[in-house]
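One structure is given here, and the rest of the page talks about it.
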Amino acid sequence: MKEIREMCWQVELLTLFPEMFPGFLEYSLAGKALKEEKWTFKTHNLRQFGRGKHKAVDDTPFGGGAGMVIRADILDAALRATLPHDDRPIIYFSPRGRVLQQKDVLQLALGIGLYCICGRYEGIDDRIFQKYEIEEISIGDYILSGGEPAALVLMDACIRLLPGVMGSEISRDEESFSEGLLEYPHYTKPSNWQGYEVPEILLSGHHVAIAAWRQKQAERVTMKRRPDLWENYQRNSNLKNN
Ligand code: SAH
């Protein structure tokens, strides 16, 4: 695996709810890494670029229909005032985006950071995508009420890959998706719990046999639960072997 560079990974967020950050990223490994300045974040309140007494950022949709849309001119003013002058990707969270995969997470963690636009209401005026190069990312086929939880999910997935954040590099390479397979099952003490036994091979101390067993289990669970991943995995293994 390519080494992730030693530097502070920086996230900037354009949001109507800056107080939602760092949210749960204040805790556990991500929280410790934040204190150690392995990553930082900065929020920009979209409201401050709003119009009129109420600082409105949204308007009714052309063509009619329910809900409100964030205006392109407001978003543009916010982006012009807050976009850093570097080459970090601009990300907009949207159910219409590419569904986030572990390989995207790894690529984003290898970069200098992110600039995230968190949507609300029905979303944003589509013309913004004509003016700016924006990557649209979805965190799954369901609808959230805003982009903030999606930003936190993406940040969490990236932060744990930053150097020194997780204890063991090996566990990072072995987990689900890293080889295109779901992970093998885990067991810990006691070896007999209420009559339920741990698979005997795991107590054998035979590392090669254990690795083979785990590989088999990973293949089995992937085949059964995720035929889509399994098909890809088989295709890739055939390519490698030919
Ligand atoms: N009308 C939109 C949904 C708007 S939900 C549609 O049907 O596509 C409000 C905001 O929540 C969106 O602008 C987006 O920023 C965020 N959001 C909702 N679901 C999301 C998902 N699955 N992934 C990422 N962001 C999402």
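Observations on the model:
- Sorted fewest first by neighbouring Cβ atoms within 10 angstrom, HIS206, HIS44, HIS186 come out as HIS186, HIS206, HIS44.
- Taking amide H atoms as placed 1.01 Å from N in the peptide plane, the amide H of LEU114 lies under 5 Å from those of GLN10, VAL11, GLU12, each 5 or more residues away in sequence or on another chain.
- Each residue of region 58-68 was assigned a 3J(HN,Hα) from its phi angle through the Karplus curve 6.51 cos²θ - 1.76 cosθ + 1.60 (θ = phi - 60°); the sequence is 10, 7, 6, x, 4, x, x, x, 7, x, 10 Hz, with glycine and proline shown as x.
- Kirkwood estimate for the chain, i.e. one over the average of 1/r between Cα atoms, Å: 20.7
- Candidate aspartates and glutamates for bridging to LYS224, where Cα separation is under 18 Å - those fewer than 8 sequence places away on the same chain excluded: GLU175, GLU179, GLU183
- Under-5 Å amide H pairs with ASP58, H placed in peptide plane, nonlocal only: ARG71
- Distance between modelled label sites at HIS186 and ARG51, nm, 7 Å Cα→Cβ extension: 5.2
- Partners for LYS55 among lysines (Cα-Cα distance below 30 Å; same-chain residues under 8 apart left out): LYS42, LYS131
- Here is how the number arises for the chain: DSSP H runs of 4 or more residues each give -39500 (n - 2.57), the sum is divided by the residue count, and the result at 222 nm is -10500 deg cm²/dmol.
- Global form of region 180-241, assessed from the alpha-carbon gyration tensor, a/c cut-off 1.5: oblate
- Residues whose amide H falls under 5 Å from that of ARG160, counting only those 5 or more places apart or on a different chain, are absent, with hydrogens built in the peptide plane.
- Net charge contributed by nearby residues that have their C-beta within less than 13 Å of TRP230 (K/R +1, D/E -1): +1
- Cα centroid separation - region 135-156 against region 6-63, whole Å: 13
- Using a Gaussian network model of the chain in which every pair of alpha carbons under 10 angstrom is joined by a spring, one finds that among LEU25, LEU13, LEU203 the greatest mean-square fluctuation is at LEU203.
- SER28/GLN217 FRET efficiency (R0 35 Å; Cβ-Cβ; nearest 0.05): 0.80
- Other residues whose C-beta falls under 14 angstrom from the C-beta of ALA150 contribute a net charge of -3, scoring Lys and Arg +1 and Asp and Glu -1.
- Above-threshold pairs, the threshold being 32 Å between Cα atoms, out of LYS38/LYS103; LYS38/LYS216; LYS32/LYS189; LYS35/LYS240; LYS103/LYS216: LYS38/LYS216; LYS35/LYS240
- Per residue, the convex hull volume that the Cα atoms of region 107-161 enclose (Å³): 94
Any read-out appearing in this document is the output of simple, stated calculations on the displayed coordinates, not a laboratory observation. Quick caveat, the model's predicted, so the values are computed rather than measured. For neighbour counting, all protein chains shown are included, and Cβ atoms are generated from backbone atoms with ideal geometry for every residue, glycine included.
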